[in-house]
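I have placed the structure first, in the form of structure tokens, so that the comments after it can refer back to it.
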Amino acid sequence: MAGKTLYDKLWDAHIVKQREDGTALIYIDRQLLHEVTSPQAFEGLRLAGRKPWRLDANIATPDHNVPTTDRSGPIEDEVSRIQVQTLDDNCDEFGILEFKMNDSRQGIVHVMGPEQGATLPGMTIVCGDSHTATHGAFGALAHGIGTSEVEHVLATQCLIQKKMKSMLIKVDGELAAGVTAKDVVLAIIAKIGTAGGTGYAIEFGGSVMQGLSMEGRMTVCNMAIEAGARSGMVAVDDKTIEYFRGRPFAPTGANWDKAVEYWRTLHSDADAEFDVVLELDGSAIKPQVSWGTSPEMVVAIDEALPDPDQEADPVKAEGMRRAYQYMGLKPGITMGEVVPDRVFIGSCTNSRIEDLRAAAEVAKGRKVSDKVKQAMVVPGSGLVKQQAEEEGLDKIFIEAGFEWREPGCSMCLAMNADRLGEGEHCASTSNRNFEGRQGYGGRTHLVSPAMAAAAAVAGRFIDVRELA
Amino acid sequence: MEKFVKFDGIVAPLDRANVDTDLIIPKQFLKSIKRTGFGPNLFDELRYLDEGQPGQDCSQRPLNPEFVLNKPRYKGASVLLARRNFGCGSSREHAPWALTDFGFKTVLAPSFADIFFNNSFKNGLLPIVLSEETIDELFRAVEANEGYQLTVDLASQQIIKPDGSTIAFEVDPFRKHCLLEGLDDIGLTLQDAELIKEYEAKRRETAPWLFDAIK
């Protein structure tokens, strides 16, 4: 019999009941809550007269709607204010721990969870947010759910699920200087497409993944959903375990030792079989930039934009033509010809300390180009912001002409006041370049933090290595 | 949830692949704390010529006459014919809420994104996967025949065309049962409350650090 994949191990450890129809009742160890996808779930509980099954399995923080500017007063936008207030009220009423807007531990749920040790290896983790895949970086089974399932988990601590198929994406070789986790995951999505992982749980492996920091692994798993996969994951190793030592909600004493012993089993067995195995040469990956309106529309910085007339698949070709029209770009040019009107460094993909360090290294001693209207840095949490300030990164950014903001989702999806104007191009470290995502008529180009900072100072998209 | 019954409906064709949830219901409308009222903002950026705001009276806004749902021949449509990877992107359940609030009962596509697919069943919206060839044929038939309707019969897992011919489709038996009966998942799961407690008791022994850490 073949060995088990990491996904098999996580799945098997959480089966409450296997049903005859192939679905299973799966136990959920942790639910992260935020203001956008939870109000209707709490309302559902109230209407049915139900209580949360287990309070200590939940943790909440507002992130999508919070302003990234001064927070001494109430949120100006009334609808946003009501939504955040509703989360506060619901958490208070039901007794769920919440880091409220002005708590230093507030942040994007996917930054806050691991930072607090609320995310741990071996857990099943859900959140009403598709980027929950992020937490798979720690050898956890994590995925996004809708509001009905948020309510289901609150009420029962379980989900009804069908096991997904398994895919291993192995990235071997060594990354070139200036090439980061973001470039790796963009290159993967460019290769397999936005539906390439649909129906699969993806494990990312190979020497490149092993070499990445925990922050880098989170960036890769975060975007598994952009390849269609609800879950992405990476095996536990020493780095994973060290990451959690001393985190507020991580185990201590004898429990720590016991946990570590278990965590060390969280990897695919050498003889495990996957439904699909894909291999990529990490050494060949260059800095990536998205040009279109789908995360699969990506080129290397020095590559010409593709010609829809050369695309054999008519549905795909039509999508490309529509994207060119929306983005105001033409096939055959390179991204070096495009000027970003705004630059956004932040989001659950790239707002952790390592991301800010990488951007600051590029920004240091340089100035944001006068072609760029605005360049902003939005840390992922209050604690990331504090640490960056201790390291002096805020000063580097401010001196270079970047705005240094309060933590939240911000311009990744523009639910707060941070957004693009119509027709504006943005070098963004976020995860989605869909039409209107960052603002009505806005044009998003997904890049790494270093590439975003390079675009800001150069006034055009540029290979960050040219600045060295 | 209401029971899903056999129905006849006008088919509206949305001829683009990778329709994402931002396109189905843009972010500014996610600020609502309700489950209803998203219909007027379904496909907001495609449907109107201006930028929509929450709480606005949409009847006064300029419509995009080119957009399929604004064409008189598709008025009252309840079957959405779509292309591959429909519903990709975020986990927002506001996407199926907007589709059902508008009046759609089913979406036909060659493939769906996982989270959207799952969310749809929880809201009485039936996503049906058909082959690329069948979808292509339906696009041609809808284009050629004004008022083109299909009958969707979940019980027999068939779509019945105007000429009486049928297209069979697959659906997960548990989800089918829940849709047909209009069942609340939570009530069903709570029937297994004892099993959940047993699981927790065992888990507490083997992995005690998973409990009581967050207070």
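The values are calculated or read from the model by the stated rules, or taken from the named source; none is laboratory data. Owing to the predicted nature of the structure, the values given are computational and were not obtained by experimental measurement. Note: ideal-geometry Cβ built from the backbone for every residue, glycine included; neighbour counts use all protein chains shown.
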Report task. Please note which strands (runs of 3 or more DSSP E) are completely contained in the range A:245-360 and include at least 2 residues that are polar (S, T, N, Q). Result -> A:288-290
Query - Residue satisfying condition, being modelled with pLDDT of 95 or more and facing another protein chain (nearest Cβ under 10 Å), within set B:Phe117, B:Phe104, B:Phe169 - result: B:Phe117
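Can you pull out every residue in the range A:415-448 that is modelled with pLDDT under 95 and either in contact with a Pro (Cβ under 9 Å, 6 or more places away or on another chain) or more than 10 Å from chain B (Cβ to nearest Cβ) (or both)?
Hits for the range A:415-448 are A:Asn416, A:Ala417.
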Report task. Counting only residues that are surrounded by 12 or more Cβ atoms within 10 Å (Cβ to Cβ), among the hydroxyl-bearing types (Ser, Thr, Tyr) and over 20 Å from the mean Cα position of the chain (by Cα), give me the strands (runs of 3 or more DSSP E) lying completely in the range B:127-170 with at least 1 of them. Result -> B:166-168
Query - Criterion (of a type in the set (Lys, Arg) and either in contact with a Leu (Cβ under 7 Å, 6 or more places away or on another chain) or part of a strand (DSSP E or B) (or both)) met by exactly one of A:Arg437, A:Arg460 - result: A:Arg437
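Considering the range B:191-215 alone, what residues qualify as being of a type outside the set (Phe, Trp, Tyr) and buried (at least 16 other Cβ atoms within 10 Å of the Cβ)?
Result: B:Asp192, B:Ile196, B:Glu200, B:Arg203, B:Ala207, B:Leu210, B:Ala213, B:Ile214.
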Report task. Report, by residue number, each residue of the range A:443-468 that is buried (at least 24 other Cβ atoms within 10 Å of the Cβ) and either among the basic types (Lys, Arg) or under 21 Å from the mean Cα position of the chain (by Cα) (or both). Result -> A:Arg443, A:Thr444, A:His445, A:Leu446, A:Val447, A:Ser448, A:Pro449, A:Ala450, A:Met451, A:Ala452, A:Ala453
Query - Looking only at the range B:5-17, and only at residues there that are assigned to a strand (DSSP E or B) and touching an Asp or Glu at 6+ places or on another chain (Cβ under 9 Å), the one that is farthest from the other protein chains (Cβ to nearest Cβ) - result: B:Phe7
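Residue-by-condition table, conditions (1) within 14 Å of chain B (Cβ to nearest Cβ); (2) of a type in the set (Lys, Arg); (3) touching a residue at least 40 places away in the same chain (Cβ under 8 Å):
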position	(1), (2), (3)
A:Lys191	no, yes, yes
A:Gly205	no, no, yes
A:Ala224	yes, no, yes
A:Gly228	yes, no, no
A:Glu242	no, no, no
A:Thr252	yes, no, no
A:Ala270	no, no, yes
A:Ala284	no, no, yes
Query raised in the report: Looking at the range A:9-29, which of its residues are assigned to a strand (DSSP E or B), more than 7 Å from every other protein chain (Cβ to nearest Cβ), within 18 Å of A:Val150 (Cα to Cα) and not small (Gly, Ala, Ser)?
Result: A:Ile26
Query raised in the report: When you look at B:Gly187, is it of a type in the set (Gly, Ala, Ser) and on the phi > 0 side of the Ramachandran plot, yes or no?
Result: no
Query raised in the report: Any chance the range B:18-25 includes a residue that's farther than 19 Å from A:Ser80 by Cβ, assigned to a loop (DSSP other than H, G, I, E, B), away from chain A (no Cβ under 12 Å) and among the aliphatic types (A, V, I, L, M)?
Result: no
